[in-house]
Every structure is written in structure tokens, then in C-alpha cells.
Amino acid sequence: APFIRFEGVRKEYADGTVAVPGLDLDVREHELLTLVGPSGSGKSTLLRMVNRLVEPSAGRVLLDGRDVGDQDPVQLRRGIGYVIQDVGLFPHRTVAQNVATVPRLLRWEPARARNRVAELLELVGLDPAVHGRRYPHELSGGQRQRVGVARALATKPQVMLMDEPFGAVDPEGRRALQSEFRQIHDDLGTTVVLVTHDIDEAVTLGDRVAVLRQGGHLEQVATPVTLLTR
Ligand code: ADP
Ligand code: ADP
């Protein structure tokens with residue numbers, strides 16, 4: 001069953017730029033769909049329609065059968081993990097405090113938040129006792145991305161939106177992050193849409209790959225095997 005459905009979505013920005021010309025795309029429950037295309041092909045625009053950071057000019061996005069346009073954006077975003085390239089960690093808060101951001105907003109019991117933070121840091125390969133107390137600038141780029149993933153997973157979202165999540169990481173670190181993230185996805189079964197301009201990353205990570213061309217045209221949706229053997 002489709003978990004996210006883009007129905008005839010179009011985005012024309014105020015200056016007249018048509019980022020997405022009208023597109024249909026289904027994302028299945030539990031799958032990791034990669035969205036690949038050159039810079040400016042509308043990937044971020046499409047992704048941000050799901051959590052309502054961008055409102056479509058026409059068409060609609062359904063999440064689990066419900067039009068996101070009918071939902072309170074704050075409530076909606078609490079159920080959706082969002083990871084971007086430079087993560088946007090709060091620089092003056094420790095790693096653990098960053099990961100605890102949403103649990104705190106939701107006023108979880110301190111012990112519950114603390115346990116969850118420790119569990120999440122371990123999940124992404126960081127030591128709560130060591131890395132949890134550090135500040136973002138005391139970590140490597142790859143470690144910061146891990147913290148971003150941990151923070152996005154804090155409330156066990158059903159959906160994760162990831163925009164070039166490993167883009168700022170060096171190639172070796174990126175390989176490790178990719179395979180670890182693939183493992184985390186397989187264990188948790190979260191529905192993931194991951195945007196990248198890197199076709200290797202798209203094919204390595206995706207259960208299916210959606211290929212966008214300039215102008216936001218959806219060229220094809222294929223399994224990695226079909227793409228590789230063409
Ligand atoms: P991608 O993520 O594939 O790089 P984007 O979705 O960021 O593509 O952008 C698609 C097109 O929309 C580009 O031509 C970009 O310049 C344009 N665009 C993105 N955001 C805005 C905006 N806020 N106002 C005007 N044009 C925008
Ligand atoms: P503040 O000073 O903003 O109240 P706290 O130091 O109380 O921040 O930490 C906020 C949250 O971060 C805590 O409720 C806890 O969930 C989490 N946290 C802080 N330090 C750790 C740690 N070492 N291990 C696990 N979780 C932590």
C-alpha cells in the first residue's frame with residue numbers, strides 16, 4: 001500500500017520558477033525510496049511538501065491516506081523525522097540535549113528521555129557516556145550526521161525525510177554511514193524518502209530509485225537492479 005502519495009503535485013515559486021511541473025509518485029510503507037537527480041531538479045521541493053515546509057501550487061500529498069494539507073503542521077512534523085545536510089544541531093547544547101529536543105518538547109519523563117537518548121546514540125554508533133556530553137563542534141562531520149539521524153528517530157517516526165544526509169561527509173565515512181543507515185532502516189522499518197544527487201548512493205541505499213530530470217520531470221521509478229543492468 002502507498003504510505004506517501006504525491007498526487008498531481010506542482011510547485012511554482014513566487015518568482016515564476018516551476019520546480020515541479022505536476023507529478024505522481026507513490027512511496028510504499030516501510031520502503032527506502034531514493035530520489036535522485038541533478039541540482040535544481042526539484043528533489044528538495046518534493047520532499048518538503050511532505051512536512052509542509054513547501055505548499056504545493058496544485059495537487060496534494062497524502063500521508064497514510066490523509067491529505068497533509070488538512071493537518072496541523074506542528075503535529076504533522078512531530079511524526080516525521082527530518083535530516084538535512086548540515087544537520088542544524090544546536091551548537092550550545094550537548095549531543096544528548098540535541099537528541100532529547102523533541103522528547104523535551106513533548107514533556108517526557110526525564111528518565112524516559114534519558115533512556116531513549118542513550119538507546120539512540122548507541123543505535124547510530126556513538127557512546128552516550130562519551131559523545132553524549134560533547135558539543136557538536138567537538139565531533140567529526142560524520143559523527144554530527146549520526147547525531148542528526150538519532151535526533152530524527154527520537155519519537156520513532158513512521159516517516160523519515162532525508163535531504164542529502166551524508167553529503168558533507170568524506171567518501172570513506174559516507175560508505176560506513178550508508179551501510180549503517182541501511183541496517184537501521186531494515187531493523188526499524190521506517191518509511192524513508194532520501195534525496196541525493198549521487199546515483200551510486202541512490203542505487204546502494206534505495207529499495208527503489210526515483211529519477212528526476214531538470215525541470216522536475218520524473219523520468220522513471222525503478223529497482224536498483226533494473227537501473228544497473230540497463
Ligand atoms: P534540488 O533539491 O533538486 O536541488 P530544488 O527543489 O531545491 O531542487 O529546486 C528546484 C528549482 O526550484 C530550482 O530551479 C530552484 O532554483 C528553485 N527554487 C527552490 N526554492 C525556491 C524558492 N524558494 N524560490 C524560488 N525558486 C526556488
Ligand atoms: P537542560 O539543561 O536544557 O535542562 P539537561 O542537561 O537536563 O538539559 O538535558 C536535557 C535532556 O538531555 C535530559 O532530559 C536527558 O534526556 C538528555 N541527556 C542529557 N545528558 C544525557 C546523557 N549523558 N545521557 C543521556 N541523556 C542525556
### Query
Using beta carbons and a limit of 6 Å, which pairs, at least six apart or on different chains, have the first residue in the range 22-51 and farther than 20 Å from Asp70 by Cβ and the second one of a type in the set (S, T, N, Q) and surrounded by fewer than 19 Cβ atoms within 10 Å (Cβ to Cβ)?
Ser41/Gln214
### Task
Check Tyr13 against each of (1) surrounded by fewer than 18 Cβ atoms within 10 Å (Cβ to Cβ); (2) touching a Ser or Thr at 6+ places or on another chain (Cβ under 6 Å); (3) not polar (S, T, N, Q) and name the one condition it does not meet.
(2)
#### Entry: Check on Arg93, free of Cβ contacts under 8 Å to residues at least 60 places away in the same chain, within 16 Å of ligand 2 (Cβ to nearest atom) and open to solvent by 40 Å² or more (accessible area, probe 1.4 Å)
yes
### Message
Tell me the residue from Ala118, Ala111, Ala150, Ala168 that is in contact (Cβ under 8 Å) with a residue 24 or more places away in the chain, surrounded by fewer than 20 Cβ atoms within 10 Å (Cβ to Cβ) and either more than 14 Å from ligand 2 (Cβ to nearest atom) or assigned to a helix (DSSP H, G or I) (or both), please.
### Response
Ala168
### Task
Take the range 181-208 and flag every residue that is surrounded by fewer than 18 Cβ atoms within 10 Å (Cβ to Cβ), more than 20 Å from Pro2 (Cα to Cα), modelled with pLDDT of 90 or more and not aliphatic (A, V, I, L, M).
Arg182, His197, Asp198, Asp200, Thr204
## Note on the structure
Residue hits (the range 126-142; open to solvent by less than 50 Å² (accessible area, probe 1.4 Å) and at pLDDT 90 or above) are Leu126, Pro128, His131, Gly132, Pro136, Leu139
### Task
Among the residues of the range 202-230, write down those that are out of contact with any strand residue (DSSP E or B) (no Cβ under 7 Å at 6 or more places or on another chain) and closer than 18 Å to Gly40 by Cβ.
Gln214
### Message
When you scan the range 68-83, do you find a residue that is under 29 Å from Arg174 (Cβ atoms) and either within 16 Å of ligand 1 (Cβ to nearest atom) or free of Cβ contacts under 8 Å to residues at least 24 places away in the same chain (or both), even just one?
### Response
yes
### Query
Out of all the residues in the range 52-64, which are without any contact (Cβ under 8 Å) to a residue 40 or more places away in the chain and more than 14 Å from ligand 1 (Cβ to nearest atom)?
Arg52
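The values are calculated or read from the model by the stated rules, or taken from the named source; none is laboratory data. None of the values given here were measured: they were computed from a predicted structure. Reconstructed Cβ throughout: ideal geometry from the backbone, glycine too, with neighbour counts over all protein chains shown. Remember, those area values only see protein heavy atoms, side chains included, never the ligands or the DNA or RNA. Shrake-Rupley method; radii C 1.70, N 1.55, O 1.52, S 1.80 Å.
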